[in-house]
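Reviewing the structure listed below.
The values are calculated or read from the model by the stated rules, or taken from the named source; none is laboratory data. Quantities reported herein were computed from a predicted structural model and do not represent experimental measurements. Please note: Cβ atoms are built from the backbone with ideal geometry, for glycine as well, and neighbour counts cover all protein chains shown. Protein only, heavy atoms only, side chains kept; ligands, DNA and RNA dropped before computing areas. Shrake-Rupley method; radii C 1.70, N 1.55, O 1.52, S 1.80 Å.
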Amino acid sequence: MRPAQAKKNGARVSRGARHTSRQAARTEVTRRKLLAAAKHIFAKDGFEAARLEDISAGAGYTRGAFYANFKSKEDIFFALLEEWVRERIDSVTAALSQHPGAHEKLAALRKHYAEVARDRRLVLISLEFKLFALRHPESHARLQNRHRRIRASFAELLSEFLRPLKQTLPIGKSAAAACLGNVAEGLLLEHLVDPKTLSNGDVRHVLGLFFDSIFHVHAA
């Protein structure tokens, strides 16, 4: 190949790469806007009543843009769920990384867990989707599989955390991860129903006690 032709081909490849990069960036922006709109619409209208037109319009797009990124309402719900799980794992990892000793990490994890039940919208969306999934076998199976993957991720995190403590749990690590999450969600739901009976402080206190019962410890 002549040098001039090789240079021309190289420039063409470079332009193509820049175009692909810009397209990927635009796609990611569209996806982020759709996820934010879906979280808002699901919390406002409920999962089953939410319409794809409203999610798309809330993000500033058409249904075509929605289907270019997600297959269905279920698909975008699972994307929201996985985003939340990534954020939760990153938050826990960051909190633990600030403490060198195993027992200090345990105290930090307890504090983090007691403060974790705050995302009102996600709890409501998750609860409604669970009820929806119980009535729809295909959705139920998909939710089970996704939850098992999520709990396996948290179980792996717990294994790394517990190893230097040489400590075992009274139940399996996946079951512990499920219980820790669901107790937090249940208490937050009750707080939302009747905050005068179950205050934020009550929720944090009970979550701390439950954490202690799982890990056989008490915070200093």
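Structural remarks
- Every helix of 4 or more DSSP H residues in the chain counts as -39500 (n - 2.57), and over all residues that averages to -27000 deg cm²/dmol at 222 nm.
- Portion, in percent, of the accessible area of region 75-220 that falls on carbon or sulfur, probe 1.4 Å: 56 percent
- Anisotropy class assigned to region 16-155 is oblate, per the alpha carbon gyration tensor with a/c at or over the 1.5 cut-off and a/b no larger than b/c.
- Furthest towards positive pole of dipole, I214, S126, P195, structure part region 98-220, Cβ charges: S126
- Using a cutoff of 8 angstrom between alpha carbon atoms and counting only pairs six or more residues apart, the relative contact order for region 36-120 works out to 18 percent.
- Heavy-atom accessible area per residue - the chain, 1.4 Å, Å²: 60 Å²
- For the chain, lysine pairs with C-alpha atoms less than 21 angstrom apart, excluding pairs fewer than eight positions apart on the same chain, total 14.
- Screening the chain for DSSP H helices whose Cα atoms reach 24 Å or more along their own axis and whose mean Kyte hydropathy is at least 0.0 gives 73-97, 173-193.
- The chain: relative contact order in percent, alpha carbon pairs under 8 Å with at least 6 residues between: 19 percent
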